[in-house]
Amino acid sequence: MAGDDGELPILSSNNDDIIVEILSWLPVVSLLRFRCVCKSWRALITTPQFVAKHRAHTNDSNKNVLILTKPYWPPPAPPPPPSVSPLLIDYQSLKKNVAACASASSSAIRSNHRDVEAEFPDDTSLNDSSLVGSCNGLICLLLNPLLEYYKEYYENIRLLLWNPSTRTAHKVPDIDWFCFRPCYYGFGYDSTTQDYKVLLGGKSDKDGFAAIFSLKAASWKIVVDSLKPAASLGIDGRGCFLNGALHWNHRHDNGTIIRSFDFAQEKFHSFSSIRHNKCYWAGVGTTGNRLFFHTFCHDCQNFPDFEDTGLTLWVMMEYGVDQSWTIFAKIRPEIFPPNVWLLNPLFLDDGALLMESDRGDLVLYMPKEDTCRNVLDNSDVEKLRASSSSGRAVMVMYVGTLVSPATGGG
């Protein structure tokens, strides 16, 4: 029965722990609805303590795939039209498609499709945006246009933090330190200070330099002297986040060195090394609390100094221990989907490996059956794009959380 103030006594001292525990296991979409149940639930769901508890319970059941459309390089003339809204796809629905021996249809995706740019600030667009990283349900996007249009259209680096699950976004303060796009970058969480941070790194002839953004402090810090070795690390592109650090792979003649950037120490390290034969392509990623590394070779039967033809995947069973690298799978070209030449791993769990093909398909590898199957055809994705849009797909996995892109908490 309601009290004198019209408030239901849901969080009384007798049952509040039970209610909190139950709510902390529910998906974000349900919790957003439950904020309307009563004032006490609304207050609870937005507290940093509850947000942290809910985040700790995230698992495979609320993982999603974000697909961004990137223009081809070099761009056509005149400049390409604005990119269309990203696609958000439930990971579990993709796995169910495999069980049903079917690929996701465009109509099924369209039912969950929304105009995500309506969730962003009015002066913000995803035109030619790049993915900086994903961590704890937050996605960091670099909003700058293509390199050759940089000086004409933008004076500053512009970043956006976005939580697709809560449909909230927050602009990061601009930074004018870089003349061009950063050479390497990443987004992650510093557990020692409970702070979300962005790393943008550049290189000059003599020095390496970086800019680090702290969400808690809402400010940038330029670091030069302590990062001088970074100029010769041989890293570029997006680093994958795990255990408080970003990771990149740097190939050499005898294998690969994994470089890391520790957010707490704000320093680079030669984190690990793995010996392997030559390959056409190599990359690093994360699976749960583990790091994985992959190589790709095509038609290398007559080259004994190359890795086996196809995709070879290693998993670091114990973080930071070189001897724990273990081959998880060797995916042969014979089981690739038709007309697929290259597969790039996105996410690995205990029962499946989600990959992106060179055609823009989403492909799922099931190790027990040793099979690859399309779970989302590129043709279905194209149906959801504007007719004037063209380019390649950039994909990332994210989890559903209540983390605020403005504060990092509730």
- Measuring with a 1.4 Å probe in the full set of protein chains, what accessible area per residue, in whole Å², belongs to region 305-378? 44 Å²
- Which trypsin sites (Lys or Arg not before Pro) in region 18-62 pass both tests, a DSSP loop state and at most 12 other beta-carbon atoms within 10 Å? none
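The values are calculated or read from the model by the stated rules, or taken from the named source; none is laboratory data. All figures in this text were calculated on a predicted structure; none of them were measured in a lab. Note that we place each Cβ from the backbone using ideal geometry, even for glycine, and neighbour counts take in every protein chain shown. SASA here: full protein model, heavy atoms, side chains in, ligands and nucleic acids out. Shrake-Rupley method; radii C 1.70, N 1.55, O 1.52, S 1.80 Å.
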